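One structure is given below, encoded as structure tokens.
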Amino acid sequence: MHQSETRKITEGAMMVGMIGLILFLNRQSAGILESTFYWLLSLPILVYTARQGLRWGLITSAAMMLLSLMLSTPQTIFYLFSSLIIGLFYGAGVRKKWSNRILLGGTLLFTFFSYLITTFVLASLFGYNIGEELQGIIEFLELLNVNQIIPLGNLAMLASLVLFAAMVVMQSLCVHLLAILILKRLKVETNTPKSYFDLRLPAWAAVLAAVLMIMSKGVEYVPVDESAATVILALSITAMVIYLAYGISVAMCFMHVLGKQKYMVLLVLAVMIPLCYPFLIGLGFWDSFADIKTKLKRGEFNGPSGKL
């Protein structure tokens, strides 16, 4: 047996052992890991496939699935299977030098189908009760005394869908960014992700978002069809979420220029405080019209240093 094949088998055994440890800990913790961090299961096979190729990745994935049959419940087996699909796709894409757009897009697609199956198609098998979840959201909205522009049932469904989309996007981004970080540390050639200085939303998107937000407030005073009000509210919430995320990227640019990167963790806390949302959304709108990021990058605020 060649030394290279021995190395591949050894690395594969290590990855299978890592998955076995995670599955064991998940079993001992009553499924806490799979309910919150099951996307981490995609990283070992992702790294292995990127290093050794799709053929060896498939062999190792089969070994992981056989191990899961001995250690896991049917729910965990499905979580592992969906994670392995994502890892194999991403790792093979790294080997073939696909662009980050394709890698992230494929990860989003596979994650979407995984969440769709677990949340809606096989909800009862995975312990979800959509009816009870919606009823809980309705009761929470009643406690907040929300102005009923549309029925609370429709509003609860809308909130559930927004949360569903947010979970899909956040999980996909976590896999994408952690994969780049780990592969770079292992000296595996990867595409350099776009800097947050280069992320841009055009002015027309800001105008459209502003119009949607104004319309969502207008339906409180102007009687409109219930379906139309629901659509307007859904679009306005989507616009606010997009500009909230974009505003965070603008704040990151300011902190980078000011040399305060170590305080970026405060942005995570800001996202948890609703009072900070208008400020962050406002930063996003400001950059869409004034191109603040480019000016910060070029140092146009105060000479070549870029200091404010």
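The values are calculated or read from the model by the stated rules, or taken from the named source; none is laboratory data. Since we're looking at a predicted model, the values are computed, not measured. Methodologically, a virtual Cβ is constructed for each residue, glycine included, from the backbone with ideal geometry; neighbour enumeration extends over all protein chains shown.
Annotations for the structure displayed:
- Of all residues in the range 68-79, at least one satisfies being of a type in the set (Gly, Ala, Ser), closer than 13 Å to VAL16 by Cβ and modelled with pLDDT under 90.
- On inspection, GLY87 does not qualify as within 20 Å of LYS187 (Cα to Cα), over 25 Å from the mean Cα position of the chain (by Cα), of a type outside the set (Val, Ile, Thr) and assigned by TED's automatic domain parsing to the domain that holds SER172.
- Residue list for the range 60-100, restricted to those being assigned to a loop (DSSP other than H, G, I, E, B) and either under 30 Å from THR192 (Cβ atoms) or aliphatic (A, V, I, L, M) (or both): LYS96, LYS97, TRP98, SER99
- Test: residue in the range 229-244 that is farther than 30 Å from LYS297 by Cα, part of a loop (DSSP other than H, G, I, E, B) and not aromatic (Phe, Trp, Tyr): no
- Qualifying residue in the range 46-63 (condition: more than 23 Å from GLU5 (Cα to Cα), hydroxyl-bearing (Ser, Thr, Tyr) and in contact with a helix residue (DSSP H, G or I) (Cβ under 8 Å, 6 or more places away or on another chain)): no
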